[in-house]
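What follows is a short report on a single structure.
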Amino acid sequence: MTALPSYTRPPLVEVVFGRLFVPLPMTVAHTGAFLQRLGRDRYPKVTDQPPLPVMIEQFSGGGQAISLSDAPFGRVWFSSANDESLVQLQPERLHVNWRAGAAPYPRFGALRPEFDRINDLF
């Protein structure tokens, strides 16, 4: 295996880790409980966002298609104070983002443990 390229100034502005699942019956109370587990000190900013569109996956070889529909609940963003870390929660998906800011890109290996920590909250 060849080594991956490494850049002094990587041409990245955002990295997203994501997970899709069977839609959960979410309410506002669920997002409050999730924020407590997530850590309000790490993600003090909370904003409502429109839901991401429907996802349809087609499996190669004629396999079954899966459709995850938009729920009326929408999507909630939990952001760090500096907006470089973002957690997006929607009834059928979880996304954890790193976004470019003042600090340099911390690399995939440094970002993955935070996704794993948040994913384990389920």
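Would you confirm, using the coordinates I've provided, whether ARG37 is part of a helix (DSSP H, G or I) and either of a type in the set (A, V, I, L, M, F, W, C) or at pLDDT 90 or above (or both)? For ARG37, the condition - part of a helix (DSSP H, G or I) and either of a type in the set (A, V, I, L, M, F, W, C) or at pLDDT 90 or above (or both) - is met. Listed by position, the strands (runs of 3 or more DSSP E) enclosed by segment 54-120 that each have at least 2 residues that are at pLDDT 85 or above, over 18 Å from VAL13 (Cα atoms) and open to solvent by less than 40 Å² (accessible area, probe 1.4 Å) are 75-79, 85-90, 93-99.
The values are calculated or read from the model by the stated rules, or taken from the named source; none is laboratory data. Just so it is clear, the structure is predicted and the values come from calculations on it, not from any experiment. Each accessible area value is taken on the protein alone, full model and side chains, heavy atoms only, with ligands, DNA and RNA left out. Shrake-Rupley method; radii C 1.70, N 1.55, O 1.52, S 1.80 Å.
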